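As structure tokens, the structure follows; a few thoughts come after it.
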Amino acid sequence: MNAADPAIQRLATARALLLEPYGLDETHLHRALASVFEHRADYADLYFQYTRSESYSLEEGIVKSGSFGIDQGVGVRAVSGERTAFAYSDDISSDALMQAARTVRSIAGSGSGKVVAAGHLQTRPQKALYGTDDPVASLPATQKVRLLEELEQAARALDPRVKQVMANLGSEYDVVLVARSDGLLAADVRPLVRLSLTVIAEEGGRREQGFSGGGGRTGLGMFTADLLRQYARHAVDMALVNLQARPAPAGIMSVVLGPGWPGILLHEAVGHGLEGDFNRKGSSAFAGRIGQRVAAKGVTVIDDGTIAERRGSLNIDDEGNPTQRTVLIEDGVLRGYMQDSLNARLMKAELTGNARRESFAALPMPRMTNTCMLGGGADPEEIMRSVSRGIYARNFGGGQVDITNGKFVFSMAEAYLIENGRLGTPLKGATLIGNGPDALTRVTMIGNDMSMDLGIGTCGKEGQSVPVGVGQPTLRIEGLTVGGTGG
């Protein structure tokens, strides 16, 4: 590799931030890994991280809060069979590193001992899905505040019924370095920005809200004046629609899901059930079903961590493996699960580059990156015309899912009644109730308008939160239960 290789450049940045200021080099990393292998272990790794983050919040026309933080440290992990030992320190030093290594090697008495710490750590070629500039340092504070003020002004100018505007701007610069007992040394530099907007509109004593926003692995320059106006229009339109909404009917009916963000239902109701750990333990509704039909024909679901500048994308996962485009369900047939190294080894499956952790102080586990259903051949207007009476869900709010059986309950943030193939009355209080695996078998029409969300998603699992992306085309699903209070 030459000096212009992205992997070399990112490694140089990681060394400059995470090793050199503390008198560390690859020799110290090898020494720590070798210490773990004084007892028998199957695998060990070191995960160094430096994170600089900043956020500003606006409410009532005033930026009321701002925060800036730097977090850094190292996590040391040893794996023996199904057992994992883990220790971490926010002190990056040779002494702290060796102390953590001695702590985790206590687990390593029953490992196979077949893997030993490599004498020389080596890098491998990597892709470059996003830039390496620090978004926190990309604009002065006055311009960041001005972004929020412009967003608020754009929202209020759209309609006098807008009574309250809340906005948040966040940016993050994350540098990670992974050293593994098989000799791999890998680094990533991960920028991330996010802008969110909530508006509250009032009419006749009734108050309703709308929201919008976006972001990605890029700089704050993505938030142009045109994009701010789009966010404002989207949020205000949602709030005004909800002012006119009437109680949603209840019952079993046809449901049409809009493109983009409604893929959050797919993420929650199906995606988590396709993560390797749940399937290895047999707790997922999809466990043991590879090769079986689990969805209607035409349904193809992928997890893709390689989409340029997307919020859920990564050059490498948090074990140093390259991310990839993984086909989970193909034309309705289950093809595989998302894997990290531990679960892939125990399941005798291929790695998929889905190991993720919230920080150096957390263990990696198989997690989604950008999860979406691919488009089909139907025109979205044709899908709408095909429904005599049903619900159109344009936007979702919160939801709950039971991974073991796939049962879900999701609230719709923006929904409409479909009558005689046309969009009708806006609805409030609508919920979708169903079972994820069952819902996939009820998909009858798939639109040709697949799109990703705007870049605002965050996924929680076992107390850890990581940025993700979702996406889907317009979908028609038959026989879903809609909860509501209307007739």
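The values are calculated or read from the model by the stated rules, or taken from the named source; none is laboratory data. What you see is a predicted model; the values in this text were computed from it and never measured. Note that we place each Cβ from the backbone using ideal geometry, even for glycine, and neighbour counts take in every protein chain shown. Surface areas here come from the heavy atoms of the whole protein model, side chains and all, with no ligands, DNA or RNA. Shrake-Rupley method; radii C 1.70, N 1.55, O 1.52, S 1.80 Å.
Assorted remarks:
- Within the stretch 447-468, considering residues that are open to solvent by 20 Å² or more (accessible area, probe 1.4 Å) and of a type in the set (Val, Ile, Thr), the one nearest to LEU220 (Cα to Cα): ILE456
- Subset of the stretch 81-109 (residues that are under 29 Å from the mean Cα position of the chain (by Cα) and either part of a helix (DSSP H, G or I) or crowded, with 18+ Cβ neighbours inside 10 Å (or both)): ALA85, PHE86, ALA87, TYR88, SER89, ILE92
- Pairs, first touching a residue at least 40 places away in the same chain (Cβ under 8 Å) in the stretch 172-187, second of a type in the set (Gly, Ala, Ser) and open to solvent by 10 Å² or more (accessible area, probe 1.4 Å), C-beta under 6 Å, six or more apart: GLU172/SER53; SER181/ALA117; GLY183/ALA118
- Selection of first residues in the stretch 1-24 that are modelled with pLDDT of 95 or more and of second residues that are of a type in the set (Phe, Trp, Tyr) and crowded, with 19+ Cβ neighbours inside 10 Å, restricted to Cβ pairs under 9 Å at least 6 apart or on distinct chains, gives the following pairs, ordered by first then second residue: ALA14/PHE48; ALA14/TYR50; LEU17/PHE48; LEU17/TYR50; LEU18/PHE48; LEU18/TYR50; LEU19/PHE48; LEU24/PHE48.
- Test for VAL482: is it in contact (Cβ under 8 Å) with a residue 12 or more places away in the chain and either within 22 Å of PRO364 (Cα to Cα) or open to solvent by 10 Å² or more (accessible area, probe 1.4 Å) (or both): no
- Screening ILE391 against (1) outside any strand (DSSP E or B); (2) β-branched (Val, Ile, Thr); (3) open to solvent by less than 40 Å² (accessible area, probe 1.4 Å) leaves a single unmet condition, (1).
- Check on LEU265, in contact with a Lys or Arg (Cβ under 7 Å, 6 or more places away or on another chain) and either in contact (Cβ under 8 Å) with a residue 60 or more places away in the chain or of a type in the set (D, E, K, R) (or both): no
- Residue match in the stretch 292-299 (condition: closer than 30 Å to SER212 by Cβ and either out of contact with any Ser or Thr (no Cβ under 7 Å at 6 or more places or on another chain) or surrounded by 23 or more Cβ atoms within 10 Å (Cβ to Cβ) (or both)): yes
- Within the stretch 401-416, being in contact (Cβ under 8 Å) with a residue 24 or more places away in the chain and either over 22 Å from VAL241 (Cβ atoms) or in contact with a helix residue (DSSP H, G or I) (Cβ under 6 Å, 6 or more places away or on another chain) (or both) holds for VAL401, ILE403, THR404, ASN405, GLY406, LYS407, PHE408, VAL409, PHE410, GLU414.
- Test: GLY421 is at positive phi, open to solvent by less than 20 Å² (accessible area, probe 1.4 Å) and over 22 Å from the mean Cα position of the chain (by Cα): yes
Yes or no, residue by residue, for (1) touching a residue at least 40 places away in the same chain (Cβ under 8 Å); (2) over 25 Å from VAL236 (Cα atoms); (3) out of contact with any helix residue (DSSP H, G or I) (no Cβ under 8 Å at 6 or more places or on another chain):
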| position | (1), (2), (3) |
| --- | --- |
| SER386 | yes, yes, yes |
| ILE418 | yes, no, no |
| LYS428 | yes, no, no |
| LEU440 | yes, yes, no |
| MET445 | yes, yes, no |
| ASN448 | yes, yes, no |
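- Within the stretch 142-161, the presence of at least one residue that is hydroxyl-bearing (Ser, Thr, Tyr), farther than 30 Å from ARG357 by Cβ, open to solvent by 50 Å² or more (accessible area, probe 1.4 Å) and at pLDDT below 95 is confirmed.
- Residues of the stretch 235-279 satisfying the condition of being open to solvent by 30 Å² or more (accessible area, probe 1.4 Å), outside any loop (DSSP other than H, G, I, E, B) and closer than 24 Å to THR300 by Cβ: GLU268, PHE278
- Restricted to the stretch 327-368, and to residues there that are in contact with a Leu (Cβ under 8 Å, 6 or more places away or on another chain) and among the hydroxyl-bearing types (Ser, Thr, Tyr), the residue that is farthest from LEU46 (Cα to Cα) is TYR337.
- Candidates in the stretch 215-234 are the residues that are part of a helix (DSSP H, G or I), in contact (Cβ under 8 Å) with a residue 60 or more places away in the chain and not charged (D, E, K, R); of these, the one that is surrounded by the most Cβ atoms within 10 Å (Cβ to Cβ) is ALA232.
- For the stretch 319-355, a residue qualifies if it is on the phi < 0 side of the Ramachandran plot, out of contact with any helix residue (DSSP H, G or I) (no Cβ under 9 Å at 6 or more places or on another chain), open to solvent by 20 Å² or more (accessible area, probe 1.4 Å) and of a type outside the set (A, V, I, L, M, F, W, C), and the qualifying residues are PRO322, GLN324, ARG325, GLU330, ARG335, SER341, ARG345.
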